[in-house]
Amino acid sequence: MLNHKRRSFLTASATTTLSAAAFGLIAGVPGRGLAMGMNGARDVDILNVALGLEHEAINAYQLGAQSGLLQKPVLDAAVLFQSHHKGHRDALIATIEKLGGRPAAEKPMAEYARTLNAATIKSQEDILNLAARLELGASNAYLGVIPSFQDANLAKVAARLAADETMHWTALSGVLGRQLPGAPLSFGA
Amino acid sequence: MAQAADPERGKALYESRCSGCHSLDQDRVGPRHRGVVGRKAGSVAGFEYSAALRASRVVWSAKTLDAWLANPERLIPGQRMNYSVPDDADRAALIAYLTQPAAAAR
């Protein structure tokens, strides 16, 4: 059972606009068009993997929000986190297109429900555990691909995405009553 | 003498490093991993691989998985994973986990 104090940890305290988030992420990427070189193509591939993660996260939170299992203020936090992921998605799509790439398409929600075993979810805690697992996986994935970017501005984008996912994971862990990592440098390792 | 790789440690590493994109039984951002050892690269039915993986003749073994995890682009140029595991012992543990019966093809 999640107590009120833990739930309060998730109370949304800030809002953002998607356009502002997208602009902030792509602002450092120099203008490049369709003449994408080999290195640019590799960067686009990495961004498209990130976009796939964001599509999955958006749908996972949607499944949670629609389940009827999330209670306020946890539901509000889930919607806020989903809005962050939508901001990431929009920024990634804008960046991929700016680099001359084709953004990875979102799959039907039923496909995400199947691959995330949504049928096994029976409680708010199940949803939060799934969300925490996805957020941690995404954080580590973003940190792990940073060295592969050819463009340092895009490496910074990955780091900023990882920071958001880590923030989500930390909040979710607090609600779930989990211990924070005892060792330093636990993310991306 | 080097210690044998620990599949339990490999499982924990898999959870923290690989599960963002992969799982044993479901294709997600990356393909499913159950039964990966002995499988040809780029051959999971229904998964949308890069052209490089589809064209590759690599068959996944402890040796090729080690090379892949150390530097995927070096093993199969044009791949899309771009995530590496630099530490030898970590790669060995991950491969031990993926090789054990619990992760083998059913």
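If the requirement is being touching a Ser or Thr at 6+ places or on another chain (Cβ under 9 Å), closer than 13 Å to residue A:188 by Cα, part of a helix (DSSP H, G or I) and among the small types (Gly, Ala, Ser), which of these qualifies: A:132, A:162, A:155?
When all the criteria are applied, what remains is A:162.
Would you say residue B:48 is part of a loop (DSSP other than H, G, I, E, B), of a type in the set (D, E, K, R) and under 22 Å from residue A:44 (Cα atoms)?
So residue B:48 passes the test.
Quick one: which residue in A:138, A:118, A:113, A:132 is touching an Asp or Glu at 6+ places or on another chain (Cβ under 9 Å), surrounded by 15 or more Cβ atoms within 10 Å (Cβ to Cβ) and either within 11 Å of chain B (Cβ to nearest Cβ) or not charged (D, E, K, R) (or both)?
After applying the criteria, what remains is A:138.
Of all residues in segment A:165-189, which are among the aliphatic types (A, V, I, L, M), surrounded by 12 or more Cβ atoms within 10 Å (Cβ to Cβ) and either at positive phi or part of a loop (DSSP other than H, G, I, E, B) (or both)?
If the condition is that a residue be among the aliphatic types (A, V, I, L, M), surrounded by 12 or more Cβ atoms within 10 Å (Cβ to Cβ) and either at positive phi or part of a loop (DSSP other than H, G, I, E, B) (or both), then A:189 is the only one that fits.
Yes or no, residue by residue, for (1) more than 12 Å from the chain's Cα centre (by Cα); (2) outside any helix (DSSP H, G or I); (3) modelled with pLDDT under 95; (4) more than 17 Å from residue B:102 (Cα to Cα):
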| position | (1), (2), (3), (4) |
| --- | --- |
| B:5 | yes, yes, yes, no |
| B:16 | yes, no, yes, yes |
| B:27 | yes, yes, no, yes |
| B:30 | no, yes, no, yes |
| B:33 | no, yes, no, no |
| B:64 | no, no, no, yes |
| B:74 | yes, no, no, yes |
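Any idea which residue in segment B:19-29 is surrounded by the fewest Cβ atoms within 10 Å (Cβ to Cβ), counting only those that are over 12 Å from residue A:116 (Cβ atoms) and more than 8 Å from chain A (Cβ to nearest Cβ)?
B:24
Being among the hydroxyl-bearing types (Ser, Thr, Tyr), modelled with pLDDT of 95 or more, more than 22 Å from residue A:41 (Cβ to Cβ) and touching a Phe, Trp or Tyr at 6+ places or on another chain (Cβ under 8 Å) is the requirement here; does residue A:123 meet it?
Answer is no for this residue.
When you look at residue A:147, is it away from chain B (no Cβ under 13 Å) and more than 24 Å from residue A:64 (Cα to Cα), yes or no?
No: the conditions fail for residue A:147.
Could you check residue B:58 against (1) under 22 Å from residue A:145 (Cα atoms); (2) touching a Leu at 6+ places or on another chain (Cβ under 8 Å) and say which number it fails?
(1)
The values are calculated or read from the model by the stated rules, or taken from the named source; none is laboratory data. Given the structure is predicted, the values throughout are model-derived calculations rather than measurements. Backbone-built Cβ (ideal geometry, glycine too); neighbour counts: all protein chains shown.
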